[in-house]
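Contents: one structure, followed by commentary.
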Amino acid sequence: GATVEVKNAQGVVIGTTNANSAGEWTLTSTGPVPEGELTAKATDINGNTATDTAPYSDNKAPLITIDEPVVQNPNGTLTVTGDTEPGATVEVKNAQGVVIGTTTANPDGEWTLTSTAPVPEGTLTAKATDINGETGTDTAPYSDNKAPVIIIDEPVTQNPNGTLTVTGDTEPGA
C-alpha cells in the first residue's frame, strides 16, 4: 500500500504509516500535537503523491495525577510527583492557593517538583496546561507529620556579661 506521512500545521512530521490492502491507514502521534491544519500525503509505489488536509482542534483537557503520599523532605520542603501529558506545564499550589512551584512533564509524561520552602498542611492542587492551552487538575492531601530537625552549633558561646549566644539550624520558618 501507499506510504502515508502526516504533518502538523507547522510542517513537522508527526508520523508515517502504510495503507493496508484496502487502502485504509491509521496513525497515532508519538506526542501532543499543536492545534491547526493537518496535512496527509500518500505516496504510491510509483512515486505518485496526493495530499489532503483536515483541521485539528484540541478539545481534551490533559489528565494529571499527583502521586500519593506527598513526600516531605528533611528540611520541610515537599517533593511532589505525578503524571500528565508529555510537555505539559505543571503548576502546584498549596491549600491557600499559593504557587509552590512549576515544572514541565518529561517525554514520558512524568513530572517532579520540589518546593523551595516548607508548605503548610492541606490539600495540594496540581494544574497541567498542555501545548494547546487546555487544562486539567488533580488534588492530593498533605499532612506535615515530621518534627523539624534542630541542631545546636557547638561550642556555645558565653559573652563577657555572662549571657549566652546560641546558634543552630532547623526547618525554615519553624
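Per-atom-type breakdown for the chain gives carbon and sulfur 51% of the accessible area (1.4 Å probe, protein chains only). How far is the Cα center of region 77-110 from the Cα center of region 8-27, in Å? Spelled out, the Cα-based centre of one part sits 33 Å from the other. Projecting the Cα positions of V71, Q96, P55 onto the charge dipole of region 55-110 (unit charges on Cβ atoms of Lys, Arg, Asp and Glu, taken about the Cα centre) puts Q96 furthest along the positive direction. Ordering T81, A117, I131 by Cα displacement along the dipole of region 59-142 toward the positive end leaves A117 in first place; charges were set at the Cβ atoms of Lys, Arg (+1) and Asp, Glu (-1).
Rounded to the nearest 0.05, what FRET efficiency do V98 and T167 give with R0 = 30 Å and r taken as the Cβ-Cβ distance? Could you check? Intermediate values should be presented prior to the final figure.
Details: r = 30 Å, r/R0 = 0.99.
Taking R0 as 30 Å, the efficiency between V98 and T167 is 0.50.
From Cα pairs below 8 angstrom and at least 6 apart in sequence, can you work out the relative contact order of region 86-125, rounded to a whole percent? Walk me through the numbers on the way to the answer.
Working: 66 pairs, mean separation 17.4, N = 40.
Once divided by the residue count of region 86-125, the mean separation gives 43 percent.
Rolling a 1.4 Å probe over the protein heavy atoms gives region 29-162 an accessible area of 60 Å² per residue. Who wins for biggest fluctuation among G162, G76, G11 in a Gaussian network model of the chain, springs between alpha carbons below 10 Å? Largest GNM mean-square fluctuation: G162. Taking the chain as a Gaussian network of alpha-carbon nodes connected by springs under 10 Å, the highest mean-square fluctuation of the residues D44, D130, D67 belongs to D44.
Here the spin labels are modelled as points 7 Å beyond Cα on the Cα-Cβ line, and at S57 and T43 they lie 3.3 nm apart. The structure-derived value of log10 I(q)/I(0) by the Debye sum over Cα atoms at q = 0.09, 0.15, 0.17, 0.19 Å⁻¹ appears in the list (1) -0.31, -0.86, -1.08, -1.30; (2) -0.53, -0.88, -1.00, -1.12; (3) -0.39, -0.83, -1.01, -1.21 under the label (2). Taking the Cα centre of the chain as reference, the dipole from Cβ charges on Lys and Arg (+1) and Asp and Glu (-1) amounts to some 180 debye. Cross-link partners for K7 among the aspartates and glutamates, with Cα-Cα distance under 12 Å and sequence neighbours closer than 8 places in the same chain left out: E35, E37, D52. GNM remark for the chain: springs join alpha carbons under 10 Å apart, and the peak mean-square fluctuation among E35, E154, E91 falls on E154. Rounded to the nearest Hz, the phi-derived 3J(HN,Hα) couplings of region 68-77 under the Karplus curve 6.51 cos²θ - 1.76 cosθ + 1.60 (θ = phi - 60°) are 10, x, 6, 9, 8, 7, x, 8, x, 6, where x marks glycine and proline. Measuring spread by the Cα atoms of region 110-174 yields a radius of gyration and Dmax of 20.7, 67 Å.
The values are calculated or read from the model by the stated rules, or taken from the named source; none is laboratory data. This one's a predicted model, so the numbers in the text were calculated from it and none came from an experiment. Glycine gets a Cβ as well: all are built from the backbone with ideal geometry, and neighbour counts include every protein chain shown. Note: areas computed on protein heavy atoms with side chains; ligands, DNA, RNA excluded. Shrake-Rupley method; radii C 1.70, N 1.55, O 1.52, S 1.80 Å.
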